[in-house]
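Visitor: Have a look at this one.
The values are calculated or read from the model by the stated rules, or taken from the named source; none is laboratory data. Since this is a predicted model, take the numbers as computed values, not measurements. Counting neighbours? That spans all protein chains shown, and the Cβs are built from the backbone with ideal geometry, glycine included. All accessible areas refer to the heavy atoms of the entire protein, side chains included, with ligands and DNA or RNA removed. Shrake-Rupley method; radii C 1.70, N 1.55, O 1.52, S 1.80 Å.
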Amino acid sequence: MNARDWQAVVAGVGGQGVLFVTRVLAAAARAQGRRVLISEVHGMAQRGGAVVSHLKVGRFQGPLVAAGRADLLLALDPGEAVRNLSFLAPGAALVVNAPDLGFLSPQARRALARHKVRAICADASGLAAGAGAAKGANLVLLGAAAAAQALPWGAEALQRALGQDLPPQHKRLNQELFSLGRAAPR
Amino acid sequence: MAKQRRQEILLGNQALGRGLVEAGVQVMTAYPGTPSSEILPAVAAFGRERAHPPYCEWSVNEKVAVEVALAAAYTGQRTACAMKQVGLNVALDPVMSAAYIGVIGGMILISADDPGPHSSQTEQDSRLLAHFAKLPVLDPDSPAMARDLVAPAYRLSERFQIPVMIRPTLRVCHGRQVIGLRAPREVQRPAVFVKDPFRWAAIPKMRLALHQALNAKMARIAAWASASRSLNIWHAPARAKARLGILASGVAAALARDLLAELGLPVEEGAIPFLQTAMPYPLPIEPVRELLSSCGRVLVLEETEPLLELLSPQRDRLWGRGSGHVPSAGELTPDVLGSVLERALREARVRVPRPRGRLLTVPDQPPLRRPNLCPGCSHRAMFFALRRALPGGVYPSDIGCYTLGLNQGAVDTCHDMGAAITFASSLSRVFKRDGQATPVVATIGDSTFYHSGAAGLVNAVYNGAAFVLVILDNETTSMTGMQPTPESGLTADGHPGRPVNLRALVQGCGVEWIEEIDPYDLALTRRTLKKAWRQARGPEGAMAVIIARHACAAQRPAEAVPVKRPVQVAGAAPDVKAVFDGRQHACTDCGRCLAICPAGALTRRRKGLIRVQAAKCTGCRLCAEVCPTHSMVLEPAGACVGCGLCLSWFACPALKADAQGRVQVDRAWCVDCGLCLEVCGHGAIVAQEAGS
């Protein structure tokens, strides 16, 4: 998968760390010598509104992912997963912060199956809260995505990217949350 | 240089700041506004790499910012000024003149546009204002191009002695890309002001000559730009004559390239003749003629208005907004562009090797998520107190986080910076002249007040307006990322500034009645609002200003919520309704219950007789709380009755209704500010017992 172009959409709600997790993915791509383009949302939307960021790795020029072209939708909120499903390319991966796909109607689940979407569910919020870091669901979910091989890089590359430019105590906590996600039941 | 170039992933605004520092900017000014806010901090940060860092200032508004940068450019220094597109409207007066008079040192004016709009009042196209003012404008398609255009923009500016606009859109400003950092240039030009009153202070007669010279200058710039390889990115067609060509600029050009590649029509390989111009005005005509001669029809892709379309020759051969091929409003997202391209390719009968496949669509779409004030935000307390204290009022507000008081029904207008005060002065006057006693309460943030509130306040005082003005002072510019305000005295690059005292400024505007409160004290806030309206109402009323001070909960959470008061909702009670019992208690017909009922459930049948419409009554108890004679009767249930008052008037993201409409505290959002303890009329929101 490494040599290919790769596109991802990260969705959630203001305060969940959508931008942070996107930057970690970008740093991992950078470490592999890949070109990256990110589009972020700032300003009013960050005040509790829906936040979505786009990441394009490879020979791209525009910063936004087109509908039907994303290889991954990483959703920190089930509602925001639903809102952004149309980004998914056939056969792409959906990684969502939910214990299961119960948040979708049976019709939607069938549509997902027809589109050959690989759905990976993990209760990242629950696991993060259990670890005493309620705001860390983003990294738990990233760990779950890595363990399910929904990313073009191995977990080790992300583990390294997680520590960049951070004070040691944050780095340790981030890596713990990420490991928690890797071991999460899916 | 032998040293290897450092590479960093930079935000588009940081890339612009990097470009400015690398090109030797000496004076940098800005007023924050999404999506432009990160440019000036990047200049200040990267500037420290230089032996002589640039002077950076957060100006109080965009007009001031342009004038500060302009005067420095008169002395031969390299300057820049950044703002969002609606800020350019504020600055338009000096900008228009700047084109006529020109500069000596290079000056770059960055106006960040927001097609969509995502975080703005309008989706106006700054390129049209550059055209209107007769300033050259550059339209980058990415953070990398934005950085790369800065140095040529300075050369253009200095060669032709004219300010140059760079117009990034939100997707450039808030895109991130790997940028190879170049060594910053040490520009240390002395400030030399050469007296030339016929230029710097030109009288109208001279301005005609300056206008003629400007027109000639623009023609020379267009000719110069026609020969530039970097400003005109041209992909010639592989075949002699194509059916369809594309003329594009900005992010639309970059996205169109990606979309065409995904459709199997890569422009780099000559599948479609494609001209991207980095300078839409003055338009380099020769490359456009070459494009036109290479194809039958030309599809024009640009944001947000048809400037290229307006300036191109042979307009009858263009497909764009004029022909209806491109939507006239909204952002050109990949989805919109995809449809535009598919239609143009179909109509031009160009074969698409890899058409877009079927999309994943699902029926269950979640409701739109509205932005909201942060939990623990003191604005929420102020807006709740406002609706409780002065129900039935009209509440003009302004631009900032507190616009989100909309969610609490406490914001009735939001127009442009400072309009809360001018709107309130006008509304209070027309109501008073019309004999109406409607309370008028304006809310405005501290930074917005410094930006353009004071002039409106002077006008209100001078002309005898009387209303309540609440200045929401959280000591920072929150919405755009916590930039300091003049009150703090902190400056953008750490040069010594002086705090400008807010109360003294309000006093200086001629206001005599000023009270300072902390909105976290809800009872005091309500009393003060009522007192202020008593001061403003009536024929002899005068301006009343409340300065509401509390630290920003996002910037300084520990200071904003120094005492943690965890809350819980006590159980669930059955639905209840208010009852009017006027016989026993002698209703005085004061009308307070009518004014405060959020559901419109109360009507006045006749003097002293209020009717409760049970179908509308939510049982919130507000009428029972405000009734001075206890004629409205509803005992506190001590548990949640599902009235929804806390949701609609307090609108905290931590308070959520369950399927039965009973309110729950969402611990993931709650910051234990305890403000909601005083919201519920039934006493259902209670402090958690220790250990529970």
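Visitor: Amide H of A:Ala92: which non-local residues (sequence gap of 5 or more, or other chain) have their own amide H closer than 5 Å, using H built in the peptide plane?
Guide: A:Arg118
Visitor: Magnitude of the Cβ-charge dipole of the protein assembly as shown, K/R +1 and D/E -1, about the Cα centre, nearest 20 debye?
Guide: 1460 debye
Visitor: Moving to a separate point now. Order the peptides B:258-269, B:128-139 from the highest to the lowest mean number of other Cβ atoms within 10 Å of their residues.
Guide: Working: B:258-269: 18.5, B:128-139: 23.4.
Answer by packing, highest mean first, reads B:128-139, B:258-269.
Visitor: While we're here: Per residue of B:171-179, what is the mean number of Cβ atoms on other protein chains within 10 angstrom of that residue's Cβ? Numbers along the way, then the final one.
Guide: Details: counts 7, 2, 2, 9, 9, 12, 7, 7, 0.
Neighbouring Cβ atoms belonging to other protein chains average 6 per residue here.
Visitor: Could you check the simple spin-label distance between B:Leu92 and B:Ser648, using points 7 Å along Cα→Cβ, in nm with one decimal?
Guide: 4.0 nm
Visitor: Given a Förster distance of 60 angstrom, what is the FRET efficiency for B:Asp364 paired with B:Ile203, based on the Cβ-Cβ distance and rounded to 0.05? Mind dumping the intermediate values first?
Guide: Values: r = 68 Å, r/R0 = 1.13.
Taking R0 as 60 Å, the efficiency between B:Asp364 and B:Ile203 is 0.30.
Visitor: Taking 0.36 nm per residue of sequence separation and subtracting the Cα-Cα distance, how much length would be gained by fully extending the chain between B:Asp581 and B:Ala659, in nm to one decimal?
Guide: Residue separation times 0.36 nm, minus the Cα-Cα distance, leaves 24.8 nm.
Visitor: Looking at this model, which pairs from B:Lys84/B:Lys656; B:Lys531/B:Lys656; A:Lys135/A:Lys171; B:Lys432/B:Lys577; A:Lys56/A:Lys116 are more than 24 angstrom apart at the alpha-carbon?
Guide: Result: B:Lys84/B:Lys656; B:Lys531/B:Lys656; B:Lys432/B:Lys577 exceed 24 Å.
Visitor: Separate question: Using a Gaussian network for chain A with springs between C-alpha atoms less than 10 Å apart, which of these wobbles most: A:Ala108, A:Ala144, A:Ala93?
Guide: Looking only at A:Ala108, A:Ala144, A:Ala93, the biggest GNM fluctuation is shown by A:Ala108.
Visitor: Using θ = phi - 60° and the Karplus curve 6.51 cos²θ - 1.76 cosθ + 1.60, what whole-Hz ³J(HN,Hα) does each residue of segment B:580-594 get, with Gly and Pro shown as x?
Guide: 8, 10, x, 5, 6, 10, 6, 4, 9, 6, 6, x, 4, 5, 5
Visitor: Right, next: Length gain on complete extension for the stretch B:Arg48 to B:Lys616, per 0.36 nm per residue less the alpha carbon to alpha carbon distance?
Guide: Numbers: separation 568, 0.36 × 568 = 204.48 nm, distance 6.30 nm.
Length gained, B:Arg48 through B:Lys616: 198.2 nm.
Visitor: Right, here's the next one. Using the Cα centre as the reference, give the magnitude of the dipole from point charges on the C-beta atoms of segment B:567-687 (Lys, Arg: +1; Asp, Glu: -1; all else neutral), rounded to the nearest 20 debye.
Guide: Values: 13 positive and 9 negative charges, 135 e Å.
Charge dipole, segment B:567-687, about its Cα centre: 640 debye, nearest 20.
Visitor: In a Gaussian network model over chain A where Cα atoms closer than 10 Å are linked, find which of A:Glu40, A:Glu156, A:Glu80 has the largest mean-square fluctuation.
Guide: Top of the fluctuation ranking is A:Glu156.
Visitor: Next question. Show the residues, 5+ positions off or on another chain, whose built amide H is closer than 5 Å to the amide H of B:Ile9.
Guide: Amide H to amide H, under 5 Å and 5 or more residues apart or across chains, B:Ile9 pairs with B:Ile179.
Visitor: Can you give me the % of accessible surface on segment B:482-628 that is carbon or sulfur? Probe 1.4 Å, all protein chains present, nothing else counted.
Guide: 51 percent
Visitor: A further question on this structure: First measure r as the distance between the Cβ atoms of A:Arg109 and A:Arg172, then evaluate 1/(1 + (r/R0)^6) with R0 = 30 Å and state the FRET efficiency to the nearest 0.05. Don't jump to the answer; show the numbers that get you there.
Guide: Details: r = 38 Å, r/R0 = 1.28.
Efficiency at R0 = 30 Å is approximately 0.20.
Visitor: Next question. Karplus couplings for segment A:28-36 from phi (6.51 cos²θ - 1.76 cosθ + 1.60, θ = phi - 60°), rounded to Hz, Gly and Pro as x?
Guide: Running phi through 6.51 cos²θ - 1.76 cosθ + 1.60 with θ = phi - 60° gives 5, 5, 4, 4, 8, x, 8, 7, 10 Hz.
Visitor: Which lysines have a Cα lying under 22 Å from the Cα of B:Lys217, excluding residues fewer than 8 positions away in the same chain?
Guide: Filter leaves B:Lys134, B:Lys205.
Visitor: In percent, how large is the relative contact order of segment B:378-560, given Cα pairs closer than 8 Å and 6 or more residues apart?
Guide: 24 percent
Visitor: Nearest 5 percent is fine: what portion of the DSSP beta bridges confined to the protein assembly as shown is antiparallel?
Guide: Of all bridge pairs located within the protein assembly as shown, approximately 35 percent are antiparallel.
Visitor: What residue among B:Ile399, B:Leu386, B:Ala213 has its Cα farthest toward the positive end of the dipole of chain B, where the charges are +1 on Lys, Arg and -1 on Asp, Glu, each on the Cβ?
Guide: B:Ala213
Visitor: Rounded to the nearest percent, how much of the accessible area of chain A (1.4 Å probe, protein heavy atoms only) is carbon and sulfur?
Guide: Numbers: 3570 of 6970 Å².
Looking at chain A in its full context, I get 51 percent from C and S.
Visitor: Straight-line reach from B:Lys530: which aspartates and glutamates fall under 20 Å, measuring Cα to Cα and dropping same-chain residues less than 8 apart?
Guide: Excluding near neighbours in sequence, the set is B:Asp412, B:Asp473, B:Glu512, B:Glu515, B:Glu516, B:Asp518, B:Asp521, B:Glu540, B:Asp589, B:Glu625, B:Glu678.
Visitor: Now for a different question. Which whole-number percentage describes the relative contact order of chain B, with Cα contacts under 8 Å and a sequence gap of 6 or more?
Guide: 10 percent
Visitor: In whole Å, what is the distance between the alpha-carbon centres of segment B:1-72 and segment B:562-581?
Guide: 52 Å
Visitor: Taking only C-alpha pairs under 8 Å that are 6+ residues apart, what is the relative contact order of segment B:418-485 in percent?
Guide: 39 percent
Visitor: Now, a different point. Want the number for A:Ala131 to A:Gln149: 0.36 nm per residue separation, take away the alpha-carbon distance, what's left?
Guide: Result: 4.1 nm gained on full extension.
Visitor: Another question about this same structure. Give the value in nm², to one decimal: projected area of the alpha carbon convex hull of chain B, averaged over all directions.
Guide: So the mean shadow area of the Cα hull is 37.8 nm².
Visitor: Under the rule of -39500 (n - 2.57) per DSSP H run of 4 or more residues, summed and divided by the residues of the protein assembly as shown, what mean residue ellipticity at 222 nm is obtained, to the nearest 500 deg cm²/dmol?
Guide: Rounded to the nearest 500, the figure is -10000 deg cm²/dmol.
Visitor: With θ set to phi - 60° and the Karplus curve 6.51 cos²θ - 1.76 cosθ + 1.60, what are the ³J(HN,Hα) couplings of segment B:675-682 in order, to the nearest whole Hz, using x for Gly and Pro?
Guide: 4, 6, 4, 9, 8, 7, x, 9
Visitor: Over chain A, with a Gaussian network built from C-alpha contacts below 10 Å, which listed residue (A:Arg160, A:Arg34, A:Arg114) shows the highest mean-square fluctuation?
Guide: Top of the fluctuation ranking is A:Arg114.
Visitor: In debye, nearest 20, what is the charge dipole magnitude of segment A:6-182 about its Cα centre with +1 on Lys and Arg Cβ and -1 on Asp and Glu Cβ, if you could check? Intermediate results must be reported in sequence, preceding the final value.
Guide: Numbers: 19 positive and 9 negative charges, 101 e Å.
Taking the Cα centre of segment A:6-182 as origin, the dipole is about 480 debye.
Visitor: For the charge dipole of chain B, defined by +1 on Lys and Arg C-beta atoms and -1 on Asp and Glu C-beta atoms about the Cα centroid, which residue among B:Ala91, B:Gln188, B:His682 has the Cα displaced farthest towards the positive pole?
Guide: After comparing all options, I get B:Ala91.
Visitor: Going 7 Å from the Cα of B:Arg503 in the Cα-to-Cβ direction, what parts of segment B:512-537 have a backbone nitrogen less than 12 Å from that spot?
Guide: Only B:514-518 fall inside the zone, counting backbone N under 12 Å.
Visitor: Based on the Cβ-Cβ distance of B:Thr588 and B:Arg534, what FRET efficiency does E = 1/(1 + (r/R0)^6) give at R0 = 22 Å, to the nearest 0.05?
Guide: 0.70
Visitor: Alpha carbon centre of segment B:486-526 versus segment B:350-401: separation in Å?
Guide: 30 Å
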